[in-house]
Structures are given as structure tokens and as C-alpha cells.
Amino acid sequence: IRFTEDKGWHEAKVSAYKPLSIDPASTVLHYGQEIFEGMKAYRTADGRISAFRPEANARRFAESARRMGMAELPEALFVQAVDELVKIDRAWVPSGDGRSLYLRPFMISNEVFLGVKPASEYLFIVIACPVGSYFSGGAVSVWVSEHYTRAAPGGTGEAKCGGNYAGSLVAQAEAKEQGCDQVLFLDARERRYIEEMGGMNVMFVRDDGVLVTPPLGGTILRGITRDSLLRIAADNNITIEETQIDIDDIFEGAASGRYREAFACGTAAALSPIGRLRRTGGEAVFGDGSSIGPVSATLRQLLMGIQAGRSNDVHGWIHPIV
Ligand code: PMP
């Protein structure tokens, strides 16, 4: 779908996958006016194909567009575009545990000029690809980034824009060099409080059973899985604390047994246990360092039960498409 100031959103069409042709002076290539979403279509227990909370992705997409000075795509149009593509690609939605059709809606500015200002022409596209489970089971190991931050107050941390990920690539590569699966970012001001991982939010379970996670404050992504898990936790009488989490406190708490469980959550990972957090000169191990803890396992099962259509969808999160 295209956006121009005179016509608004127009030219909605579905076509076979093919390269895009864009002008070398298209503003996206120079100033990175680009936003995206990541979501999945699943085969649910009733044999239908459904998406999980696509309206939430549509809302976050509109918020990202506002932050990046881009044209806002009406939320209904976002959901409709996703629905249309999934209907056409229905044969590509795999069945089986953890498997799904990954959907990547994105928007780029494609006006042609070299001045630094928001563009007035945009292109919104959705592409799809079948995927399996993100992590091959077992616990994830995480490297606490010492030098890099992902977002600063007033920056674009809360927007799902390509630039945030461009800035995190070397930090993620460093985590891999350190033998870890993922990077964990600390806050930009004090380099002390936990924010989020390269592509996931993070939560901890304290020995009093409280689920602890960093608050949304403009520098972390408003994860839809995060939000869903907090609501599921509340439904199941698990106490939640959205509070600043000091990295030193986590390392001490893991050693003393005060923090027994840690996990990553996001569309790709669903809920994956964190076995170890590592940083220069130290390691925090949760539980036995490899298996999922009881609270994490309960939350995972409840979330995946709803997503797979096995449990009662009390919040109306399942959006049937086919
Ligand atoms: N944080 C970041 C930086 C991410 O890229 C993602 C994945 N979209 C998340 C958190 C988790 O968000 P969600 O649960 O909506 O996938």
C-alpha cells in the first residue's frame, strides 16, 4: 500500500514476492525512516489459522510511525493487510509445536530528496516466511553489554524502527563472541538498570514468587508478549512488580537464591528460560542453569495454551483468519 499526501493510503495490492525498485535518493536509504512489526500466524487446535493480538501490533506500529514522523497507517488497514496475506499464504502456515508463519509488516519512506525532514511518501509492505521455534529448547545464555546501550531517554527506544536494531548488531555479535545467545542492555544513564535484550523483553522470578520486570519508560519496546504474560500472571494471582532492576542485585540474588528464575519473552522466543547471565568477571546462574523454573513453566504453558487455541481465550487475543 502506498501513501502520498494528495491521495492518502492507496494502491493496495497483493503480488508475488519480488525485489523492490527504489530511487537511490529515497529518504529511507539515507535517514532510516523505517519501522516494522514481527508477528505470527498459527494453526490453532480447532484447525483454523489465527494471529495473536494483531491489533496490538497495529497499535504499536502506529505509535512507531508517530515517533518517526511517518504517515500513520489506520490500524484496521494494518490488520486487513495481514489477514489478506495469510489467507493467500495459508498453505505455508506450518503445523506442529512452535511452528508458525512469521509475518513482517514494515513501512519505509520513499520520497526522493536529500534534505533532512520527514518524508511525505511511504510504502507499507507485509512479507511472510514459515518458521520453527527460535531457540532449540533448553536455556538461553545472555551477555550483559558493557559498552553499548540500545536506547536513551528521548530517543527512539520505544519505537520498533530499524535504526534501533542497526545500533544493537555489534552488541549482539559481541554476545556471540562471548559464547552467549543474546545480549542484555542496561540503561544509558547509569549503566546499572536492566532494560531488555536484543529482540526480547526480560523477566525474573524472586524467591517470594513475585514476577519482576523493568517498567516501560520510553527506552524499551512495549512487548506484546510482555503485556500478555503480565496479564496472565495477574489472572493467576502471581504478584507483579514493574520496577527498575539493578544488575548487581540480580547477580547477588542469583548467587543467594533470591532470584531463582529468569526468562526472555517475545514473539520469536515465546518464553525461553535464561540459564545464565554473564558479564566481565562474573556469571549469574538461575536454577540449575539449564531447565525452566516452575513459575516460568506455568506462564509459558498458559501463554502457549491460549496461542495454540487449547485454553480458553478469556481476553479475546486470538484473531481467526482462515
Ligand atoms: N524487545 C525488542 C527489542 C524486540 O525486538 C522484541 C520483539 N519484537 C521484543 C522486545 C518483544 O516484543 P513482542 O513480544 O511484541 O514480540
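With an 8 Å cut-off on Cα pairs and a minimum separation of 6 or more residues, tell me the relative contact order of the chain in percent.
20 percent
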- request: For Lys18, go through the aspartates and glutamates and keep the ones whose alpha-carbon is under 18 Å away, minus same-chain ones fewer than eight residues off.
  value: Glu84, Asp89
query: For the residues Arg67, Arg276, what sequence is obtained by ranking on other C-beta atoms within 10 Å, fewest first?
result: Arg67, Arg276
task: Search the structure for amide H atoms under 5 Å from the amide H of Leu73, placed 1.01 Å from N in the peptide plane, and list their residues when 5 or more places away or on another chain.
output: none
query: Across the range 142-147, in residue order, what do the Karplus-derived ³J(HN,Hα) couplings come to in whole Hz, using 6.51 cos²θ - 1.76 cosθ + 1.60 with θ = phi - 60° and x for Gly and Pro?
result: 10, 9, 7, 5, 8, 9
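Could you sort the peptides 173-181, 38-46, 197-205 by per-residue average Cβ neighbour count (10 Å cutoff), highest mean leading?
On the way: 173-181: 15.4, 38-46: 18.9, 197-205: 24.9.
Result, highest mean Cβ count within 10 Å first: 197-205, 38-46, 173-181.
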- line: Summing +1 per Lys or Arg and -1 per Asp or Glu among the other residues with Cβ less than 11 Å from Leu77's Cβ gives -4
- line: Around Ala128 (Cβ within 13 Å, Cβ-to-Cβ, excluding Ala128; K/R +1, D/E -1) the net charge comes to 0
message: Through the Karplus equation 6.51 cos²θ - 1.76 cosθ + 1.60, θ set to phi - 60°, convert the phi angles of the range 201-213 into ³J(HN,Hα) values in whole Hz; use x for Gly and Pro.
response: 8, 9, 9, 10, 10, 8, 5, 8, x, 7, 8, 10, 8
- request: Would you kindly derive the ³J(HN,Hα) couplings of the range 94-111 from the backbone phi angles with the Karplus curve 6.51 cos²θ - 1.76 cosθ + 1.60 (θ = phi - 60°), listing them in order in whole Hz, with x for Gly and Pro?
  value: x, 9, x, 4, x, 9, 6, 9, 7, 10, 10, x, 8, 9, 10, 7, 9, 7
- prompt: Can you list the lysines whose alpha carbon sits under 22 Å from that of Lys176, skipping same-chain ones fewer than 8 residues off?
  reply: none
field: Packing rank of 240-246, 7-13, 118-124, where each peptide gets the mean count of other beta carbons within 10 Å, highest leading
entry: 118-124, 240-246, 7-13
field: Distance violations [Cα-Cα > 21 Å] among Lys87/Lys160; Lys40/Lys87; Lys13/Lys87; Lys7/Lys40
entry: Lys87/Lys160; Lys7/Lys40
statement: The long-range amide H neighbours of Glu196, using H built 1.01 Å from N in the peptide plane and a cut-off of under 5 Å, are Phe185
query: Residues with beta-carbon under 13 Å from that of Ser168, excluding Ser168: net charge, scoring Lys, Arg +1 and Asp, Glu -1?
result: 0
message: Between the range 132-176 and the range 242-305, what is the separation of their alpha carbon centroids in Å?
response: 17 Å
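Values quoted throughout were computed directly from the atomic coordinates according to the rules given, and no laboratory measurement underlies them. None of these values were measured; they are calculated from a predicted model. Cβ coordinates were reconstructed from backbone atoms using ideal geometry, including for glycine residues, and neighbour counts include every protein chain displayed.
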